[in-house]
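> Submitted below is the structure of interest, expressed as structure tokens.
The values are calculated or read from the model by the stated rules, or taken from the named source; none is laboratory data. Model, not experiment: these values are computed from the prediction. Using ideal geometry, Cβ is built from the backbone for each residue, glycine included, and neighbour counts are taken over all protein chains shown. Keep in mind that these areas ignore ligands, DNA and RNA; they rest on the heavy atoms of the full protein, side chains included. Shrake-Rupley method; radii C 1.70, N 1.55, O 1.52, S 1.80 Å.
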Amino acid sequence: MRRYLVMRWFNLPWSRRANTQNETSPLIPKVSSSFLGTEELTHVVTGDSTDLQQEGTDTGQEQNNHASKRSQPHGNYSLTDFFLKYLLFMSNLLFTVLGLLVLGLGLWGLINKESFAQEKIGSIGTDPMLIFVTLGLVLTVLCLSGCVGALRENCCLLRLFSAAVLVLITAQVLAAIVAYSLQGQIGDYLRSGMLAAMVRYQDDLDLRFITDEIQSGLQCCGAENYRDWEINIYYNCSAPGVLACGVPATCCVDPLDNGTVWNSQCGVGAQLLDEFSAQSVIFLGGCLGGISRWIEQHTGLIGTAGIIILGVQILTLFITTRLLDSIQWHKANSI
């Protein structure tokens, strides 16, 4: 009992802090506790706590709603937009793989022929493998931008892709118009290109392969006739080798011995023969005429293929534009 009275007389520090009104507390009003009943104090504390909890709940719901809006792509797409998105993605992914294959083929050809060597780097600009490298690189970059842009709904990449497709369509239409209006000059370009390939026939494996495929496929020899092979230093009649005054084996009517073994010497001395004697050994007609006849025979097929390719590009441009508009609309309505 005496101990209790001592503790009542000398208030301990934590007892004073507990009994002292906190002036900075927002939950307790600045009113003397002697004039405030127990029920009123309970009502004030409970009411303020309820309001604070309600305010915190509302704030949390707003933050959750805002976070959920940010986590959503851009609203609910229609089935058509969903189909167009993944159609654009899959088609561009397919052409990206194709572009990588073409690019790899071109690089493999350049490396295999040692075109990057110091003594050959000067003529790399005329290497046919450079066409595959350029085509593969352009196709890969273009289709990859469309693939990633469609998958990630990136407006910048989709705009870049659509602009590039539009440029390609315009270039192809202009090329077709120029080719139709300059048919005579195109023949001269083909002749000069064919003669240049014949000059470098033994030195460039790619040009040799292309020339052999043209001559065996079209059953022709030379640009205008078989005597055009005189421009090659190895087939020239003044050449010291065994190929002098000859033509490649792909000019021969029957380049196989006994129908099985390839005879690389079947065209030796063919330039010394007159046309009557040579026609039983080699093809007399030039490849320029054969190319012209092949184009005339397959005009419909070439036109159909060109229209299909152009139509696919126009359809791709339409799909990209539709998807881009849909993404921008959903972005504007999700803010």
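> With respect to the numbered conditions (1) among the small types (Gly, Ala, Ser); (2) open to solvent by 30 Å² or more (accessible area, probe 1.4 Å); (3) at pLDDT 90 or above, which one is the sole condition not fulfilled by residue 222?
Failed condition: (2).
Yes/no per residue for (1) charged (D, E, K, R); (2) under 18 Å from residue 191 (Cβ atoms); (3) more than 39 Å from the chain's Cα centre (by Cα):
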site: 227; (1), (2), (3): yes, yes, yes
site: 233; (1), (2), (3): no, no, yes
site: 277; (1), (2), (3): no, no, yes
site: 299; (1), (2), (3): no, no, no
site: 302; (1), (2), (3): no, no, no
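> While we're looking at this one, here's another question. Restricting attention to the stretch 167-189, does a residue exist that is open to solvent by less than 40 Å² (accessible area, probe 1.4 Å) and either among the basic types (Lys, Arg) or farther than 30 Å from residue 317 by Cβ (or both)?
Checked against the condition, which is being open to solvent by less than 40 Å² (accessible area, probe 1.4 Å) and either among the basic types (Lys, Arg) or farther than 30 Å from residue 317 by Cβ (or both), the stretch 167-189 yields at least one hit.
> Which condition does residue 294 not pass, out of (1) surrounded by fewer than 18 Cβ atoms within 10 Å (Cβ to Cβ); (2) farther than 14 Å from residue 219 by Cβ, if it passes all the others?
The number of the failed condition is (2).
> Oh, and also: Quick test for you: out of 271, 328, 313, pick the one residue that is open to solvent by less than 50 Å² (accessible area, probe 1.4 Å), in contact (Cβ under 8 Å) with a residue 60 or more places away in the chain and not charged (D, E, K, R).
313 is the lone residue from the list that is open to solvent by less than 50 Å² (accessible area, probe 1.4 Å), in contact (Cβ under 8 Å) with a residue 60 or more places away in the chain and not charged (D, E, K, R).
> Take the conditions open to solvent by less than 20 Å² (accessible area, probe 1.4 Å) and either in contact with a Pro (Cβ under 6 Å, 6 or more places away or on another chain) or not β-branched (Val, Ile, Thr) (or both) and apply them to residue 149. Does it pass?
Judged against the criteria, residue 149 is a match.
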